[in-house]
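See below for the structure under consideration.
Each reported figure results from applying straightforward, stated rules to the coordinates on display, with no laboratory input. Quick caveat: nothing in here was measured; it's all calculated off a predicted structure. Cβ atoms come from the backbone with ideal geometry, glycine included; neighbour counts cover every protein chain shown.
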Amino acid sequence: MIQSLATILDDAARNAIAVDQLTKQHQITEQQAYAIQAASIERRYARGEKFIGLKMGFTSRAKMEQMGVHDMIWGRLTDQMLYENEGQLPMKRFIHPRAEPEICFLVKKAIDHELTLEEASAHIESLAAALEIIDSRYQNFKFSLEDVIADNCSSSGLVVGSWQSVDTDLSRLRIDLVVNGETVQTGSSSDILGNPWESLVNCSRLAVKYQQPIPAGSYIMAGAATPAVYLKSGQAVKAVVEQIGEVSLQVI
Ligand code: OOG
Ligand code: MG
C-alpha cells in the first residue's frame, strides 16, 4: 500500500494533476503517512533529484487555522524545488500553487541529535528571508493531517534571499508577503512557535525520530508566519523580513 500511494502522489506532482485525498479511500496512520512521504521522495532521488533540506509546517496559528490542521509537520526539500532569487516561477509546473513568507536556516554542522535551544545556533551558518511555494496534490487544496504528511507537506518550491548573521535577533521581526507591490499578508517571527529557533529545535527532534539525517549545507525552512496566498501568472511575489531582507519571484 505504501508504494502504490507514494506513486499516486509522485505522479500527481510530476504531471501537475490533482488527485483525491488518500484518506477518503484508506485508513492511514501518521507513521504510515511519513512512510508514504519517504517512499515518494525515494522516487525523486531515483530520478536524480538531490536532498537539500527540510521544511517545517503548521508552526504558526495562522497556518493551522487556514488549513484546519493543528499539528506540526515536516517535509523534505530537493534541488528540483529550488528557484533563483528574482527568478521566474512557471505556473505550468504546478496545480494550484500558493506562496508563503518564511525564514530559512543554513546548517553549518550536521544535526544528528535533538538540539536544545541553547546549542541550536552553533549548528547554523546563517539565515535568510525565504518564500515557500506550496502546491497540494489534492483537489481543492483540502486534506487531513495524514494526507498532507504523505504529500510531503505540499512542498513544491522555495527561494532563499541573501544570507545574514545567525546573531540576528529573530524574536520580533515583521514579516510581509507582497504581491505586485501590495502587502497582502503580515505576520511576525514571534508567530512561528514564539521564535523561529524553536522551529529548528522541533525539526531536529522530528528528524531524529524519523531517522532523517541533516547534513551540513542543508536548508531548514521554519514555517510560514502568515496564511498562504494563491498565485497567478503575471504576479511579482515577494517576502520581506524586517532586518533580514527580501526575496522575490516573478510568476509566469
Ligand atoms: C501544508 C504546508 C504548511 C507551513 O509553512 O506551515 C507549511 C500546507 O499548508 O499545504 O508549509
Ligand atoms: Mg511553509
Exactly one of Ala120, Ala110, Ala150, Ala99 is small (Gly, Ala, Ser), in contact (Cβ under 8 Å) with a residue 40 or more places away in the chain, closer than 29 Å to Leu9 by Cβ and away from ligand 1 (no atom under 13 Å from the Cβ), and that residue is Ala110
Where residues in the stretch 67-94 are within 15 Å of ligand 1 (Cβ to nearest atom) and closer than 17 Å to Val237 by Cβ, which of them is surrounded by the fewest Cβ atoms within 10 Å (Cβ to Cβ)? Phe94
Those residues of the stretch 168-182 which are touching a helix residue (DSSP H, G or I) at 6+ places or on another chain (Cβ under 8 Å) and part of a loop (DSSP other than H, G, I, E, B), in sequence order: Leu170, Ser171, Arg172, Leu173
With (1) farther than 20 Å from Gln37 by Cβ; (2) away from ligand 2 (no atom under 16 Å from the Cβ); (3) polar (S, T, N, Q); (4) touching a residue at least 60 places away in the same chain (Cβ under 8 Å) as the list, and Gln66 as the residue in question, which single condition is left unmet? (2)
